[in-house]
Amino acid sequence: MSLAEAPSSSPSSSSGSDDFAALLASELELELASGADSAFPGDASSAFPATDGEGEDEDEDPEELEVEAVEQNATKRRRVEEQHRDQGTSVRPDKIPTGASKNIQVEACPHPGYIRGLCYICGNPQDEEYISGVALDYIDKGLRLRTSEIDRLRCADLKNLLRERKLVLILDLDHTLINSTKLQNISSAEKDLGIQTAASKDDPNRSIFALESMQLLTKLRPFVREFLKEASNMFEMYIYTMGDKAYAIEIAKLLDPSNIYFPLKVISNSDCTKRHQKGLDVILGAASVAVILDDTEFVWKKHKENLILMERYHFFASSCREFGFAVRSLSELMQDERESDGALATVLDVLKRIHAIFFDMAVETDDLSSRDVRQVIKAVRKEILQGCKIVFSRVFPNNTRPQKQMVWKMAEYLGAVCSTDVDSSVTHVVTVDLGTEKARWGVANKKFLVHPRWIEAANFRWHRQPEEDFPVTAPKEKSRGKNNAVAGKKETSKDKENAAAGQKETRKDKEENDVSSQKETRNVETKVAGHANENVVATSTTGPADS
């Protein structure tokens with residue numbers, strides 16, 4: 001029997017790749033044994049039972065006769081295989097013919113996959129450099145499947161997933177489910193607070209761990225265990241990180257100590273088919289049912305429609321420094337995200353909604369296999385700022401097209417309508433400066449004035465945020481300009497000189513304010529674009545990666 005014709009115990013008919021390697025081995029054993037059920041022509045000993053009078057013994061045990069016949073047939077089968085191997089032709093065990101025909105028809109093995117250079121159907125060796133397909137070392141070392149075989153497995157897996165009302169969920173590690181830091185990068189404040197000591201305690205409920213062999217501390221994101229438990233009821237889950245294999249496996253043990261959620265589903269940077277890029281080509285799940293949670297958009301260039309961008313989890317001080325935040329970290333403040341409404345609790349609600357729309361809101365006549373979760377994600381995202389019409393003021397750099405800017409695109413992805421001109425239908429003025437003409441118009445017409453971070457927060461939280469939480473603050477006034485203005489009112493010649501100087505300083509201050517405002521505008525745009533497009537390169541062989 002070929003792998004393509006395998007019974008229900010085959011990998012294609014089990015949900016996902018839980019026991020994929022073991023099943024491949026058992027398939028090969030079944031196929032190699034299948035030839036024992038058929039006699040081989042061209043050998044006199046294959047004609048049994050014996051004709052009348054030829055060695056017939058009524059007292060001989062029938063079971064012994066059957067065993068002997070099987071052994072003889074196995075020997076003949078090996079002869080045929082060796083003969084055709086010498087001729088350069090592979091023989092599939094299930095295609096060895098039976099009967100008395102002398103014209104043996106041999107079908108060449110399609111070689112759907114290899115394990116350590118050997119075809120797992122016919123056993124023929126093949127040089128590694130000539131083996132096409134996709135390497136799936138995370139399932140079994142040396143496993144490589146042809147694209148056609150992966151497509152076949154995905155098709156079968158899709159049917160089983162949909163029957164179980166499940167989708168596929170790919171989870172990033174660093175800054176999504178956890179935050180890690182090297183021991184050498186722990187800040188003095190963190191040392192004083194005993195962070196390392198807390199990580200070494202034998203407490204089953206602790207969320208911070210010391211990976212001594214890797215010289216790392218790892219903090220689990222609040223709500224992560226509950227998140228995995230609930231998500232596993234709706235999704236078949238994979239870990240996919242830009243960290244190295246050893247690091248990924250150690251973190252998987254922390255997240256899934258009983259190996260319930262991620263058996264044979266831990267993918268690391270060595271499994272990627274393109275450098276510094278993640279792809280669904282190594283996932284044995286269809287892209288039409290795959291949802292991705294990751295804090296970095298850039299690494300999913302080909303699969304942005306599957307991506308739900310996560311707000312980065314910065315627990316350790318080194319993580320804040322790495323991303324240029326000159327603030328005290330959560331660890332130094334002895335604070336953390338709330339489990340009830342933190343990032344993972346929020347995204348779990350989003351996943352539940354996506355799952356419900358995909359399965360529960362389908363028309364009864366719909367074929368679930370024709371549905372696409374990417375369209376569901378898009379529809380749910382567009383509900384976030386639906387009904388909002390936004391005009392931007394002094395948010396984008398001069399001489400740029402607003403429609404090309406990340407914040408503008410993000411607002412449109414969230415369902416808002418963006419405009420360059422004000423009118424009565426505008427609901428929000430997004431700005432960093434209260435003194436602009438559009439900002440003053442917004443105040444006069446009782447429109448919402450919000451900072452650009454209001455849009456970014458809606459993108460991460462997946463619902464419209466309270467406008468009052470993102471006010472536009474007035475710039476600080478220059479005291480020196482005020483003093484010069486007062487000095488300018490005096491009548492003496494010296495005072496007149498001071499007044500003239502004051503006017504110069506006032507002009508200088510105005511220029512400084514304009515430059516400062518433009519810098520702030522550029523910083524806002526850079527911050528948003530940087531978060532969405534950051535290219536992440538894996539760190540040392542044992543260190544965590546931002547992915």
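The values are calculated or read from the model by the stated rules, or taken from the named source; none is laboratory data. For clarity, every value in this text was computed on a predicted model and none was experimentally measured. No Cβ is skipped: glycine too gets one built from the backbone with ideal geometry, and neighbour counts run over all protein chains shown. Surface accessibility is based on the protein's heavy atoms, side chains included, excluding ligands, DNA and RNA. Shrake-Rupley method; radii C 1.70, N 1.55, O 1.52, S 1.80 Å.
Exactly one residue among V407, V422, V430 is at pLDDT 50 or above, part of a loop (DSSP other than H, G, I, E, B), out of contact with any Ser or Thr (no Cβ under 6 Å at 6 or more places or on another chain) and surrounded by 13 or more Cβ atoms within 10 Å (Cβ to Cβ), and that residue is V422. Set side by side, the residues D281, D271 differ, and just one is under 17 Å from L145 (Cα atoms) and either at pLDDT below 95 or surrounded by fewer than 17 Cβ atoms within 10 Å (Cβ to Cβ) (or both), which is D281. Residues of the range 376-395 that are modelled with pLDDT of 95 or more, open to solvent by 30 Å² or more (accessible area, probe 1.4 Å) and of a type outside the set (S, T, N, Q): K378, A379, R381, K382, E383, G387, K389.
State which residue is least open to solvent (accessible area, probe 1.4 Å) when the search covers only the range 410-419 and only residues that are within 21 Å of E468 (Cα to Cα) and in a strand (DSSP E or B).
Selected residue: C418.
For M242, the conditions (1) within 21 Å of L293 (Cβ to Cβ); (2) assigned to a helix (DSSP H, G or I) all hold with the exception of (2).
Yes/no matrix, rows are residues, columns are (1) open to solvent by 10 Å² or more (accessible area, probe 1.4 Å); (2) touching a helix residue (DSSP H, G or I) at 6+ places or on another chain (Cβ under 9 Å):
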| site | (1), (2) |
| --- | --- |
| G117 | no, yes |
| V134 | yes, yes |
| D137 | yes, yes |
| T147 | yes, yes |
| D151 | yes, no |
| L162 | yes, yes |
| I170 | no, yes |
| S180 | yes, yes |
| K201 | yes, no |
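If I ask for residues that are under 20 Å from L171 (Cα atoms) and surrounded by 13 or more Cβ atoms within 10 Å (Cβ to Cβ), which ones from the range 318-348 would you list?
Restricting attention to the range 318-348, the residues satisfying the condition of being under 20 Å from L171 (Cα atoms) are 319, 337, 339, 341-348.
S319, E337, E339, G342, A343, L344, A345, T346, V347, L348 - these are the residues of the range 318-348 that are under 20 Å from L171 (Cα atoms) and surrounded by 13 or more Cβ atoms within 10 Å (Cβ to Cβ).
Could you please find all residues in the range 185-202 being without any contact (Cβ under 8 Å) to a residue 60 or more places away in the chain, in a loop (DSSP other than H, G, I, E, B) and within 14 Å of M334 (Cβ to Cβ)?
Passing the criteria: only G194.
Here F227 meets the list (1) of a type in the set (A, V, I, L, M, F, W, C); (2) in a helix (DSSP H, G or I); (3) touching a strand residue (DSSP E or B) at 6+ places or on another chain (Cβ under 7 Å) almost entirely, failing just condition (3). Of all residues being among the basic types (K, R) and not assigned by the TED database to the domain that holds I308 in the range 349-380, which is farthest from the chain's Cα centre (by Cα)? Just the residue, please. Per the stated criteria, the residue is R371.
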